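One structure below.
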Ligand SMILES: [Mg+2]
């Protein structure tokens, strides 16, 4: 049996290719990436990472470097569920979400990657293997872009091979949001699907008005119309109907997903493994969704999410959005004819160029 002999943590602050805006977060010009590299006594190394807004990565890195390292060292890295539970419990008093979930994510992904590399298997096969190809959608259309740039971005995504394109809502008036959606719908070919993300822009009453007027776009979903904490509001909006609802990127625990799904508040659960504790809880959310007759999709980090979606029979969509991290990867994922294909390399198969990343170390 191999034991963990090294836990290495790195914090990078990476500038975005250009500033982007979402209703909840405002304008973002850089983000923090925390990477964990775990090595065992056989020399097998696994890597995991998480991302967050600039300035918040330090607390995540400190959790991995401190209490998580203490738990991992000298232990069998293959016992992922057991280690995950110990890390979660060790920090639950100041945790149950927040930076603890992000730190858990980086370590959990590293442990899964090690397992895959040790067994020479790609993760999507180890996790159950449902289908190697997953429908992908382009999620990089922004609230601060003038309408011409917004439409050009949508068309560029179609050119890249996407059949599904998402835009953001949350301009000062609903009229403006609708005009932007009209421009996008007019420009995109009829067969291209549209989704929209309001990033918590509205109250329940405002969301109801929006949902009434959005029906003409036949959106695949409307994402986060209201605050992620308002579970009762989601239940109310879903019962109001007319537009399917998506949410999950701001839920950081399995319990929060159980609550949202339990109240009947969502059509498209959208966990993000980098914010909810890694592959281990993502797979539980996916199965919870399946048991409730719902699909599961992902948010961000498409290079990591391709595996847990390819392992889920109820996978619907892979969001294509990772803040330009692709350029630091040896084999970035590609999309063809609307689909991404999970790689056959061992583990998650993501290899960063550490030397290039080193220029951004904090
Ligand atoms: Mg979103």
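The values are calculated or read from the model by the stated rules, or taken from the named source; none is laboratory data. Worth saying up front: this structure is predicted, and the values here are computed from it rather than measured. Note that each Cβ is placed from the backbone with ideal geometry, even for glycine, and that neighbours are counted across all protein chains shown.
Only one entry of 133, 167 meets the criterion of being without any contact (Cβ under 8 Å) to a residue 60 or more places away in the chain and touching a strand residue (DSSP E or B) at 6+ places or on another chain (Cβ under 7 Å), and that entry is 167. Residue 347 fulfils the conditions (1) in the same structural domain as residue 246 (by TED's automatic domain parsing); (2) more than 16 Å from the ligand (Cβ to nearest atom) except for a single criterion, (1). Scanning segment 249-258 for residues that are within 16 Å of residue 280 (Cβ to Cβ) and within 12 Å of the ligand (Cβ to nearest atom) gives a single hit, 251.
For segment 151-174, filtering for residues that are over 15 Å from residue 198 (Cβ atoms) and not in a loop (DSSP other than H, G, I, E, B) leaves 12. Collect the residues in segment 296-332 that are more than 16 Å from the ligand (Cβ to nearest atom) and closer than 28 Å to residue 261 by Cβ, keeping them in residue-number order. Residues satisfying the conditions are 303, 304, 306, 307, 308, 309, 310, 311, 312, 313, 314, 315. In segment 18-74, of all residues being free of Cβ contacts under 8 Å to residues at least 40 places away in the same chain and under 15 Å from residue 91 (Cβ atoms), the one that is nearest to the ligand (Cβ to nearest atom) corresponds to 62.
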